[in-house]
Structure formats: structure tokens, C-alpha cells
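S.K.: Got a structure for you, questions after.
The values are calculated or read from the model by the stated rules, or taken from the named source; none is laboratory data. Small disclaimer: the values here were computed from a predicted structure and weren't measured. Here Cβ is always computed from backbone atoms with ideal geometry, including for glycine, and neighbour counts include all displayed protein chains.
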Amino acid sequence: MYQPLSDQSGPPDVYVRAAPPPPPTQPLQEWRHVAVAVIGGGFTGLSTALHLAEASIDVAVLEAKEIGWGASGRAFGQVVPYLKLGEPAILRHYGTERGTRIIDAVAAGPDLVFELIFRHRIECWPTRSGLIFAAHSAGGRRDLERRTQYWQQRGAPVEMLEGTACADAIGSPLYPAASLDRRGGNINPFAYVRGLAHAAAKAGATLHTQTAVRGLTRREGKWALDAGSAGVTADNVVIATNAYTTDLWPGLRESIIPMRGHGFVSAPLSDNVSRSILPHRQSLTDTRLLYSGARMLPDGRLHASAHGPSFGAEPRADWARVDARIRRLFPQLGTVKWQQAWTGWVAMTTDHFPRLHELAPGLFAGLGYNGRGIAAATMMGRDLATLVRGARDEATVFPVTPVRTLRWHRIAPTLIRGLVQVYRVRDMVDEYRLRRAA
Ligand SMILES: Cc1cc2nc3c(=O)[nH]c(=O)nc-3n(C[C@H](O)[C@H](O)[C@H](O)COP(=O)(O)OP(=O)(O)OC[C@H]3O[C@@H](n4cnc5c(N)ncnc54)[C@H](O)[C@@H]3O)c2cc1C
């Protein structure tokens, strides 16, 4: 039975107002046959549809709400050349050959995203001046130095910023050091996902919104997707529902843990304050355990991402916590007028790596980006299109693996809430030390 996660706020106004108009979509009103049906209209589903439509394959996207309604329309907007875990962990997990392939492909992930943006002229604030990762502790600094060195040895445009160079790049004296990775960038993710939808439609894909798939069955050698009074039959199906996955396929929902991410946007800042914060318009995150980020939007608003309640019904915005953190970081801000807050669901996996599955003949799924999905989900869509077209696992970036259902899925929120408390205390201690040293 289709039951969406309780989360009605949708993509934030600040993104929606700056996005291209909605692409041509309509609810599915009859039964029809397509070669490929894609369930979910976010980065994964639309990248899959675009890659298939460009290969002249008849593809339809079925989205329960609107294009980009899930995490894709609510992301912080950082286009990252990394997965959640670093290169040594990837090599340990996947072995040298596959691990190296993943590291290289993920490093080129922003190239794929920005190439699609430019090829399809997607107006989504594309800014490719890099990403700043700041060291919030001595251990964090060592990790960043290791990663910077690894990429410098491979000729990538990654550098350490120390002392005043670091303070000037961030517009804050808080951090002693940071790594600047010029391969990454920033976008309006909702505008990007709409742009992908326009590009897929232009290439021949059909987009059906307000079309929730309620059941998936095998009938006479084809897949039948039941969407209430209408539906599609398809030779191949791609499930691209990530954290919003329901029980369409046994065990898939229980293979990931949906956790909330939170976004906050201020009113436009005065020109001189706006110019003093992240003057080259890179976005900032740091090495602390719980997520926190900041970036400036093109109209002078400050966008903060911050940790908040990870589970449960949509919470009230915790303005006080984000306000305190941001004003410690940028003391020049004075009073900040916060205007918008929103949340969305991120799909976590226990090993922090994404999943690509062939669930049954002609039935595929890609999910589990652990909060790094703008580039990775776009890449996953390309992988899924490759598999649908008959290639085997050797042709994809991510390996095709069986679904691993988590036996402790039901109690995951309780366990993770406990872990988050431990992380919160560790981050507070580190931040106290950092401020004393600053
Ligand atoms: C607050 C927040 C901040 C983030 N920041 C970043 C960031 O800065 N950088 C980054 O790389 N990543 C970030 N992410 C992660 C990134 O947004 C996701 O990894 C990515 O959007 C996943 O895309 P997707 O297409 O797989 O899933 P989604 O965009 O979530 O799309 C899934 C879609 O499936 C639909 N659906 C579900 N069930 C059905 C059904 N039965 N029938 C039809 N449709 C269905 C849903 O309505 C939804 O629209 C962030 C996520 C959040 C929530």
C-alpha cells in the first residue's frame, strides 16, 4: 500500500520562485504500455529517464506528487565529488579495482551534473567556484590534510587553506584550516531537477505527476504498475524512490534508514555583510559529526543546513539553535531575520554506500546516497539506464548487489537517536575547544 512519509512542506519557496516553470506533466488517466516505467521524479528517476529517452527508448516517469517533491527539491545544493566516506574506506569496502572506479567516477560526478546543466541550459544558479570543508578539530584537520594530499598527488585542484587565507575564504575567524575543492559547486537543486524533467520530456519521456504507484506485479511476462484507476505495463521498471520508498517491493524499504535533513534561509543580508561571507560563493561544511553547512544564495540570503530531529512528524523549525550556531560562525551578522525552514528525508545505509539492485528480471532500483545525492543520484540514473539497456554490472559505476534488509529496522530510530546524542556532546566539546583556540 502506498503511504508517503509524513512530510508535507514540499520544496522551499526560495528554490521554487527561482526555478524554471513546471515541465509538461499530467496524471496518468488510463492504462498504457511503455518499454520502461520509472517510479519517482527526483534526480535518480529523471536522470534515468533522460539517459533512456536520449537513446530513443520509450520511458514514462510516475511521480506520486510533483517533480522534485522529494529530497531532490529540498537539498542544500552542494554538488560534491565525494561519497559520505573517504577514499580509503571505499577501497577497503569494494577492493582496488571497483573501488578505484567508484572514486574516479564520483570525483567526476560534478562534471556530469554541470555538463547536463550547460547542455540543457538549466537555469539553476550553477556556481562552480568549489566547496570548503573546514576542520573543526585536530582530528578533522588531519583527515582533511590526508584527503587534500591524496587528490593533489592525482593532480586535482584541491588545496589546504590555513590561517588568514582560511578566515578570508570563509569570512569567519572560527576555523584554523580548511580544504578547498574546486571540482565541486553549488546549485538550486529544485531548479536542476525541473531542468532534468524538461530535458527528459524534450528527449521523448512522458511524465506523470500526482500518480502514486500502489502495487507492482508480474503479469504475462510484463510488469504491471497499479496507480488506482489507471496504470502502466512495462518491460522494465526502475524504482527511484530513495528515502520515500514504500513497500512496493519486499525488503527494499527496510534496507535503508530515512533520516530528516533541515534547511533554513534568512532574509537578504545587507550588501557589505553579504560580501563578507563566503565571498567567492563556495559553500561551507565542516568535519563535525552532525551535519552543518552555510552558503550565500544569489539574492544575498544566507542558507544554513543544520542538524535537527532525525525522525518523526514534521517538526517546528528550531530557529534558536541554527541562529546561535550561525552567529558564532559569522559574528558580523548581528541580528538575523530567518524567513524559511523546511525538512526532507535522506536515505542512509549502514555502510554509508549507495545501492544498485536488480530485484527481479527487468526490475531495478538505485538508492541510499547518505545525503550526497545530487551528483551520485545523477550518476545512478545513468547506471540504471545502462542496466535497463541490457549491460551487465561491469558496465556500471556502482556494483549490482542483493537487497540487504536490516533486521533491526524497526528500532533504528531509537538506536540512532542515542547515537546522535553522543555525537552532539562530542561536537559541543570540539566546538568549545575550537572557540577557545580562535
Ligand atoms: C535537507 C536535505 C539536504 C540535502 N543536501 C544535499 C546536498 O547538499 N548535496 C547532495 O549531494 N545531496 C543532498 N541531499 C541528498 C539528495 O537530495 C538526495 O540524495 C537526492 O535528492 C535523492 O534523489 P532521488 O531522486 O533518489 O530521491 P527523491 O528526490 O527523494 O525522489 C523520490 C521520489 O519518489 C516519489 N515516490 C515515492 N514513492 C512513490 C510511489 N509509490 N509512486 C510514485 N512516486 C513515488 C516521491 O514522491 C519522491 O518525489 C540532501 C537531502 C535533504 C533532504
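S.K.: Please determine, by comparing only the residues of the range 84-123 that are at pLDDT below 95 and under 16 Å from the mean Cα position of the chain (by Cα), which one is surrounded by the fewest Cβ atoms within 10 Å (Cβ to Cβ).
M.R.: This residue is LEU85.
S.K.: Would you check which residues across the range 380-398 are more than 11 Å from the ligand (Cβ to nearest atom) and either under 17 Å from ASN242 (Cα atoms) or not in a loop (DSSP other than H, G, I, E, B) (or both) and list them?
M.R.: Across the range 380-398, the qualifying residues are ARG382, ASP383, ALA385, THR386, LEU387, VAL388, ASP393, GLU394, ALA395, PHE398.
S.K.: Can PHE364 be described as surrounded by 15 or more Cβ atoms within 10 Å (Cβ to Cβ), assigned to a loop (DSSP other than H, G, I, E, B) and under 23 Å from the mean Cα position of the chain (by Cα)?
M.R.: It is false that PHE364 is surrounded by 15 or more Cβ atoms within 10 Å (Cβ to Cβ), assigned to a loop (DSSP other than H, G, I, E, B) and under 23 Å from the mean Cα position of the chain (by Cα).
S.K.: Another one. Out of the range 254-298, which residues are aliphatic (A, V, I, L, M) and away from the ligand (no atom under 16 Å from the Cβ)?
M.R.: Across the range 254-298, the qualifying residues are ALA267, LEU269, VAL273, ILE277, LEU289.
S.K.: Take the range 193-213 and flag every residue that is assigned to a helix (DSSP H, G or I) and more than 13 Å from the ligand (Cβ to nearest atom).
M.R.: Once the filter is applied, which keeps residues that are assigned to a helix (DSSP H, G or I) and more than 13 Å from the ligand (Cβ to nearest atom), the range 193-213 yields GLY195, HIS198, ALA199, ALA201, LYS202.
S.K.: Let me ask something else about it. If only one of VAL403, VAL336 is assigned to a loop (DSSP other than H, G, I, E, B) and more than 23 Å from the chain's Cα centre (by Cα), which one is it?
M.R.: One residue alone meets the criteria, VAL336.
S.K.: Further question on the same structure: Quickly run through the range 64-84 and pick out the residues that are more than 6 Å from the ligand (Cβ to nearest atom), assigned to a loop (DSSP other than H, G, I, E, B) and closer than 18 Å to MET259 by Cβ. Please lay out each step first, then the result.
M.R.: Here is the first cut: in the range 64-84, the ones more than 6 Å from the ligand (Cβ to nearest atom) are 66-68, 73, 79, 81-84.
Keeping just the survivors that are assigned to a loop (DSSP other than H, G, I, E, B) gives 66-68, 81-84.
Selection gives LEU83, LYS84.
S.K.: Hey, another quick one. Select, from ARG17, ARG74, the only residue that is of a type in the set (D, E, K, R) and in contact with a strand residue (DSSP E or B) (Cβ under 7 Å, 6 or more places away or on another chain).
M.R.: Testing whether each residue is of a type in the set (D, E, K, R) and in contact with a strand residue (DSSP E or B) (Cβ under 7 Å, 6 or more places away or on another chain) leaves just ARG74.
Conditions tested, residue by residue: (1) over 30 Å from ARG119 (Cβ atoms); (2) touching an Asp or Glu at 6+ places or on another chain (Cβ under 6 Å); (3) aliphatic (A, V, I, L, M).
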{"residue": "ILE187", "(1), (2), (3)": "no, no, yes"}
{"residue": "ALA212", "(1), (2), (3)": "yes, no, yes"}
{"residue": "ARG219", "(1), (2), (3)": "yes, no, no"}
{"residue": "GLY231", "(1), (2), (3)": "yes, no, no"}
{"residue": "ARG281", "(1), (2), (3)": "no, no, no"}
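S.K.: Also, quick follow-up: What are the residues in the range 272-289 that are at pLDDT 95 or above and either among the acidic types (Asp, Glu) or assigned to a strand (DSSP E or B) (or both), if any?
M.R.: Once the filter is applied, which keeps residues that are at pLDDT 95 or above and either among the acidic types (Asp, Glu) or assigned to a strand (DSSP E or B) (or both), the range 272-289 yields SER283, LEU284, THR285.
S.K.: Moving to a separate point now. If you take the residues in the range 154-201 that are within 28 Å of SER47 (Cβ to Cβ) and either charged (D, E, K, R) or modelled with pLDDT under 95 (or both), which one is surrounded by the most Cβ atoms within 10 Å (Cβ to Cβ)?
M.R.: Within the range 154-201, the match that is surrounded by the most Cβ atoms within 10 Å (Cβ to Cβ) is ARG194.
S.K.: Considering only the range 10-26, I want to know if a residue exists there that is surrounded by fewer than 24 Cβ atoms within 10 Å (Cβ to Cβ), within 25 Å of GLY215 (Cβ to Cβ), more than 11 Å from the ligand (Cβ to nearest atom) and of a type in the set (Val, Ile, Thr).
M.R.: Within the range 10-26, one or more residues are surrounded by fewer than 24 Cβ atoms within 10 Å (Cβ to Cβ), within 25 Å of GLY215 (Cβ to Cβ), more than 11 Å from the ligand (Cβ to nearest atom) and of a type in the set (Val, Ile, Thr).
S.K.: Something else now. For the range 396-418, name all the residues that are of a type in the set (A, V, I, L, M) and loosely packed, with under 12 Cβ neighbours inside 10 Å.
M.R.: ILE411, LEU415, listed by residue number.
S.K.: Any idea which of (1) touching a helix residue (DSSP H, G or I) at 6+ places or on another chain (Cβ under 9 Å); (2) free of Cβ contacts under 8 Å to residues at least 12 places away in the same chain; (3) not hydrophobic (A, V, I, L, M, F, W, C) is the one ARG275 doesn't satisfy?
M.R.: Looking at each condition in turn, ARG275 falls short on (1).
S.K.: Filter the range 38-63 down to the residues that are part of a loop (DSSP other than H, G, I, E, B) and away from the ligand (no atom under 11 Å from the Cβ), then identify the one that is surrounded by the fewest Cβ atoms within 10 Å (Cβ to Cβ).
M.R.: SER56
S.K.: Only one of these is basic (Lys, Arg) and either free of Cβ contacts under 8 Å to residues at least 60 places away in the same chain or surrounded by fewer than 22 Cβ atoms within 10 Å (Cβ to Cβ) (or both): ARG328, ARG295. Name it. If you could, list the steps in order and put the result at the bottom.
M.R.: Values: ARG295 fails: either free of Cβ contacts under 8 Å to residues at least 60 places away in the same chain or surrounded by fewer than 22 Cβ atoms within 10 Å (Cβ to Cβ) (or both).
Only one candidate qualifies: ARG328.
S.K.: Would you mind stating whether VAL346 is part of a strand (DSSP E or B), under 17 Å from SER255 (Cα atoms), touching a residue at least 12 places away in the same chain (Cβ under 8 Å) and β-branched (Val, Ile, Thr)?
M.R.: yes
S.K.: Scan the range 336-361 for residues that are among the charged types (D, E, K, R) and buried (at least 20 other Cβ atoms within 10 Å of the Cβ) and jot them down.
M.R.: ARG355
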